Amino acid sequence: MILSHAFGMLFRPETEWAAIKQEKPTPMVVYGLYILILALIGPISAYIGTVETGWTIGDRLIKLTPDSAMQLVILTYLAILAGSFALGYGINWMATTFGAEKEENGNNALALVAYSLTPMYIAGLTLLYPDPWGNAMILLAAASYGAWLMWKGVPVVMGMSKEQSMVYCGGILTLALVLLVSTLATTGLLWNFGFGPTFVEAGL
């Protein structure tokens, strides 16, 4: 089953990349059976953590209202899906420039993005217990591991030498940072239009 790749990415990435290259999963399969499912982990965990658990500031317990949290969860989920697709499209678009295998439907590029993001999807579980510094540290570690997975996967999945893949990975990282900044800017705009969080607080 395609979800078994999640376990493989965490513990045996080199073997898993070779298996993924052999399978040649279609974008429909990767999106429908992997990204759509695993991308739910973080938003659902964040909803539970911010509405049910909350976080403390001094002697105050802070939570989000259910409506506000649900609104943010939906927007976050859509942003993850859009970002994954955009990064996959960009990787496939740059393929010829860097000497990689370009495909009409972007199979390899989307698979590369989906499986490289596995640590980030799983790290979303930490949001069950909101702790800004702790969550940030874990998510940063997951992002670093995801970048390493992509570096290992590019030469295998995209069919290129390791020397070429190092330059290609630099281009991918740049594109990912552009998408991240765009997402943050969009978030700021949405908050200004009334889609920001609504907090409630209580004494401990």
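Throughout, read-outs are computed from the coordinates displayed, never taken from laboratory work. Since we're looking at a predicted model, the values are computed, not measured. Backbone-built Cβ (ideal geometry, glycine too); neighbour counts: all protein chains shown.
Using a Förster radius of 41 Å, what is the FRET efficiency between Lys24 and Leu189 based on their Cβ-Cβ separation? Nearest 0.05, please. My answer for the efficiency is 0.60.
Evaluated with a Cβ-only charge set (Lys, Arg +1; Asp, Glu -1), region 93-204 carries a dipole of roughly 160 debye about its Cα centre, given to the nearest 20.
Based on the Kirkwood approach, the hydrodynamic radius assigned to region 68-126 is 12.7 Å, with every pair of different Cα atoms included.
Could you work out the relative contact order of region 1-119? I mean the mean sequence separation of Cα pairs under 8 Å and 6+ apart, divided by the number of residues, in percent. Result for region 1-119 is 33 percent. What aspartates and glutamates could a cross-link reach from Lys21, if we take a straight Cα to Cα line under 18 Å and drop same-chain neighbours fewer than 8 places away? Cross-link targets: Glu101, Glu103, Glu104. Restricted to Cα atoms, region 1-131 shows a radius of gyration and a Dmax of 17.4, 58 angstrom.
How large is the charge dipole for region 1-128, taken about the Cα centre, if only the Cβ atoms of Lys, Arg (+1) and Asp, Glu (-1) carry charge, to the nearest 20 debye?
Values: 6 positive and 9 negative charges, 18 e Å.
The dipole of region 1-128 has a size of about 80 debye.
Considering only alpha-carbon pairs that sit under 8 angstrom and 6 or more positions apart, the relative contact order computed for the chain is 32 percent.
Axis of helix 13-23 versus longest Cα principal axis of the chain: the two differ by about 70°, to the nearest ten degrees. The label point for Trp148 and the one for Trp93, both projected 7 Å from the Cα toward the Cβ, are 3.1 nm apart. What the Cα convex hull of region 58-157 gives, in volume per residue, is 105 Å³.
Distance between the 7 Å Cα→Cβ label points at Ile74 and Leu40: 1.6 nm. Considering only alpha-carbon pairs that sit under 8 angstrom and 6 or more positions apart, the relative contact order computed for region 84-169 is 34 percent.
Could you check how many percent of all C-alpha pairs in region 21-81 are farther apart than 17 Å? Mind dumping the intermediate values first?
Values: 955 of 1830 pairs.
That tail contains 52 percent of the Cα-Cα pairs.
The GNM of the chain, with springs linking C-alpha atoms under 10 angstrom apart, assigns the highest mean-square fluctuation among Gly83, Gly106, Gly134 to Gly134.
Binning the alpha carbon pair distances of region 156-204 at 10 angstrom intervals from zero yields the distribution 20, 24, 21, 17, 12, 5, expressed in whole percent.
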